[in-house]
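Presented below is the structure to which this report refers.
The values are calculated or read from the model by the stated rules, or taken from the named source; none is laboratory data. Predicted model, so just to flag it, every value in this text is computed and none were measured. For neighbour counting, all protein chains shown are included, and Cβ atoms are generated from backbone atoms with ideal geometry for every residue, glycine included. We work out accessible area using only protein heavy atoms, side chains counted, and drop any ligands, DNA or RNA first. Shrake-Rupley method; radii C 1.70, N 1.55, O 1.52, S 1.80 Å.
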Amino acid sequence: MAKLTNFLGLMNPERKVIMWYAVQVETGKESVIKDYCSKLVDRTTYNDIFVLRFNKVKKFYGKWHQESKVMFPGYIFIDTDTPEQVYEALKNVPAFTNLLGRDKDSFVPIERSKEELFRKMVNDNYEIAMSCGLIDGDKVTITDGPLAGKEAMICKINRHKRTATLNVEMFGDKVGVTVGLEVVEKRISKFSL
């Protein structure tokens with residue numbers, strides 16, 4: 001109930017709808033710039049500033065280790081209903097490059113359907129957890145994790161790296177988005193010709 005109350009507290013009727021906006025930053029410095037933004041931008045102008053990440057596993061020194069990778073290198077995201085004020089504040093952030101979707105006097109948020117897709121997939125730290133699935137012939141079935149029910153979005157699976165590439169339209173372009181996927185079983189269809 002406290003979470004719902006906090007969320008409703010953000011929805012002031014005099015304010016616009018809170019949406020995600022992408023900010024282009026120097027690749028490899030996403031977390032540092034996110035921290036700068038959190039300190040320098042007035043907290044009343046945004047709900048959250050974050051970097052979208054995905055979890056995957058990697059084997060080194062003979063053991064499997066979980067690691068977190070940036071999903072969109074070179075971008076951070078700001079959840080706000082006042083993009084104009086945030087843009088003005090971002091001018092004071094070192095290494096700030098551009099608020100995407102800025103067209104003269106207006107700002108274009110991330111498409112609502114894409115924002116909702118990622119909101120459903122991420123945890124409280126804006127990370128997409130590993131999914132597990134199996135391959136039966138040419139069919140992929142996700143048995144557990146945030147990709148469950150989203151098999152049609154998968155365009156490529158790299159079993160060696162334990163990742164899947166999703167075909168998503170973002171930033172006005174089709175983008176291959178990498179997420180963690182452990183294929184626990186591969187079955188060869190008995191009825192292949």
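Points to keep in mind about this one:
- Region 116-193, Rg to Rh (Cα coordinates; Rh as Kirkwood inverse mean 1/r): 1.01
- Extension reserve of the THR27-TYR61 stretch, reckoned as 0.36 nm per residue once the Cα distance is removed: 9.4 nm
- 1.4 Å probe accessible area per residue over region 140-189, in Å²: 57
- Relative to the Cα centre, the charge distribution of region 26-165, modelled as +1 at Lys and Arg Cβ and -1 at Asp and Glu Cβ, gives a dipole magnitude of about 840 debye.
- TRP20, TRP64, reordered so the largest accessible area comes first (probe 1.4 Å): TRP64, TRP20
- Linear extension gain, ASP144 paired with ASN158, 0.36 nm per residue minus alpha-carbon span: 3.3 nm
- Here r is the Cβ-Cβ distance between ASP48 and ASP173 and R0 is 22 Å; the resulting FRET efficiency, rounded to 0.05, is 0.30.
- Scanning residues 5 or more positions from MET130 or on other chains, those with amide H under 5 Å from its amide H are ASN55, with H placed 1.01 Å from N in the peptide plane.
- Here the accessible area is traced with a 1.4 Å probe on the protein chains. For region 33-188, carbon and sulfur cover 46 percent of it.
- Entries of LYS114/LYS161; LYS69/LYS91; LYS39/LYS174 with Cα pairs more than 31 Å apart: LYS39/LYS174
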